[in-house]
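The values are calculated or read from the model by the stated rules, or taken from the named source; none is laboratory data. Just so it is clear, the model here is predicted, and its values are computed rather than measured. Please note: Cβ atoms are built from the backbone with ideal geometry, for glycine as well, and neighbour counts cover all protein chains shown. These area figures cover heavy atoms from the full protein model, side chains too; ligands, DNA and RNA do not enter into them. Shrake-Rupley method; radii C 1.70, N 1.55, O 1.52, S 1.80 Å.
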Amino acid sequence: MSSPKDSQAASIIDIVKQAKNVLSQNSLDDLVIPAQGLYPHRVLWDSCFAAIGLSHYDVKKAQLQINSFLEAQWSNGMIPHIIFNPQPKYWWDRHIWRSKISPLSKHAIATSGITQPPMFAEAVVRIGERLNESQRNSWYEQIFSRLVAYHSWLYSERNPEGRGLITLIHPWEPGLDNTPPWLVSLRHHHAPWWINMITWLKFDKVADHFRFDARYVDPSERSTTYEALRLYDALRKIRRNKYDSKKIMPKSTFAIEDIVFNSIFIRANSLLKEIAAIINQELPEELLKNIALTETNFKEFWDKEDDKYYSRNQKYGNFLKEDSIGSLMPLYSGVISESRAKQLYERLINKDDFNTPYPLPSVPISSPWFKPMRYWQGPSWININWLLIDGLKRYGFIEEARILSNKSIAMVRDNGFYEYFNPQSGEPAGVVNFSWTAALIIDLVSQMHPEFID
Ligand code: GLC
């Protein structure tokens, strides 16, 4: 007779096997896309998360995700958030962005013209941990200058006030497309008459059924058509300026110092410093000065009135007070004080706030914006759990990190490798067989039960 321990082992072995299958089904010439159908192109932070999962059993393939993404780096150091699938049938997606209009882009590689959370340093280090010392050093040497160029670009182009806080120019850049603080900015976006007309005549409700994403996901689980049209219009405005951030920022509705992006960037900077130290390389002085500024000025994200972290409007300096999971992300940054970290931890375990049966909701359940099945307006996402598990551990909240890891693994085991989950019922939502869900479950299992990974 098999014991409960045996059956737990069998279920862990099984989930890892299934996760590896998802990653291999989503590989095109060994390059991992987020999911078949809805997401046929390679995406920046998705590729980093995929590499983290792959590093446990196919380190070469993990390295390939990073190396080949960096090939698309623009000459100014920018790393675009999408590398388009070259198949002829995707000509329209490539055409919408037409990255070639920027003299800085790599003309042979069609990309977007904006970026996404800088997860590269984390992925590079996770891969490094799977290599022996000399392989690791040569891996770091291969990547180092490109990471330096990317981090330096963020400071030179997206740091308009020189305070070291990075400004984003489109709701796709933070990676949490319709998170409430960005949704409010989207509503203020000045759209052309034809977009206003479509929404005024309520054609957007009809259009819901003809949307590309509606083929794969219920439109009620995505951005609304009203929002999608505005997102598209915001992209047109950026494109008109040939993706030149300095020209775009002064005119844009979106000039936001985003809390998620800046938290991830701070961590990426610390990891870049570690990489430099290991391979005995100096970081440029200007970059070091800026890194220090970001760490000092990060406290500007703290709103004393509400006792919360929020993103800020770069032009007017006001907080975007719509609550979201972003408010907890400073836990991942690693630069906040122990007592602040404790305050965030208290919110994470509070049942009226972020502690749901299937954590972590992307918007606290007490918020009027909370919608349990709609994209970044409430559902739980595995990448966010993964980032916060890592932050919790570094602040010494080991038991809470363990609970969150176990709940994340169980949520996926019981419901499938979906893009996101209803935080109250665990019901899956979005696309199925989503790469970062699979990759990060492999990583979480490897942290909890290394004996089951080969
Ligand atoms: C969605 C997510 C974004 C992700 C992309 C591809 O748009 O909001 O963060 O990178 O899908 O998976």
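Placing a pseudo-label 7 Å from each Cα along the Cα-to-Cβ vector at Arg98 and Asp454 gives an inter-label distance of 5.3 nm. Taking a Cβ cut-off of under 14 Å around Phe212, the surrounding Lys, Arg, Asp and Glu residues balance to a net charge of 0, with basic ones at +1 and acidic ones at -1.
Taking the alpha-carbon centroid of each part, what is the distance from the stretch 132-183 to the stretch 1-63 in angstrom? One Cα centre to the other: 25 Å. Taking 0.36 nm per residue of separation and subtracting the current Cα-Cα distance, fully stretching the chain between Asp218 and Leu131 would add 27.1 nm. Dipole magnitude for the stretch 57-127: computed about the Cα centre from +1 point charges on Lys and Arg Cβ and -1 point charges on Asp and Glu Cβ, it is near 200 debye. In vacuum, with every alpha carbon of the stretch 1-145 counted as one equal point scatterer, what does the Debye formula give for log10 I(q)/I(0) at q = 0.17, 0.19 Å⁻¹? Two decimals, please. Normalising to I(0) and taking log10 leaves -0.97, -1.13.
Ligands, DNA and RNA are left out, and with a 1.4 angstrom probe the accessible area of the chain is 41 Å² per residue.
Size descriptor for the stretch 176-328, Kirkwood hydrodynamic radius: 18.2 Å (Cα pairs only, one decimal). Taking every Cα-Cα distance in the chain and sorting them into 20 Å bins from zero, the calculated P(r) comes out as 25, 62, 13, 0 percent.
Couplings 3J(HN,Hα) for the stretch 144-151, derived from phi with the Karplus relation 6.51 cos²θ - 1.76 cosθ + 1.60 (θ = phi - 60°), are 3, 5, 6, 5, 4, 5, 5, 5 Hz, where x marks Gly and Pro.
Relative contact order, whole percent, for the stretch 15-130 stands at 26, derived from Cα pairs under 8 Å and 6 or more residues apart. Distance from the C-alpha centroid of the stretch 396-426 to that of the stretch 287-353: 24 Å, rounded to the whole angstrom. To put it simply, the accessible area of the stretch 13-56 at a 1.4 Å probe is 48 percent carbon and sulfur. In the chain, Cα pairs under 8 Å separated by at least six residues give a relative contact order of 18 percent. For the stretch 354-394, the share of accessible area belonging to carbon and sulfur comes to 58 percent (1.4 Å probe, ligands and nucleic acids excluded).
The GluC sites (Glu not before Pro) of the stretch 234-316 that meet both conditions, a loop assignment by DSSP and at most 13 other Cβ atoms within 10 Å of the site Cβ, are Glu282, Glu305. The sum of -39500 (n - 2.57) across all DSSP H runs of n ≥ 4, divided by the residue count of the chain, sets its helix-only mean residue ellipticity at 222 nm to -15000 deg cm²/dmol. Name the longest site-free stretch of the chain, where the excluded sites are chymotrypsin sites (Phe, Trp or Tyr not before Pro) in a DSSP loop with no more than 14 other beta-carbon atoms within 10 Å. Answer - 1-211. Cross-link reach is defined here as a Cα-Cα straight distance under 19 Å, omitting same-chain residues fewer than 8 places apart; for Lys5 the lysines meeting it are Lys17, Lys407.
For the stretch 85-151, applying the loop criterion from DSSP together with a ceiling of 16 other beta carbons within 10 Å to the GluC sites (Glu not before Pro) yields Glu129. Maximal additional length on extending the Arg413-Asp244 stretch stands at 56.4 nm, based on 0.36 nm per residue less the C-alpha distance. Solvent exposure of Ile259, expressed as accessible area, is near 10 Å², computed with a probe of 1.4 Å over the protein chains only.
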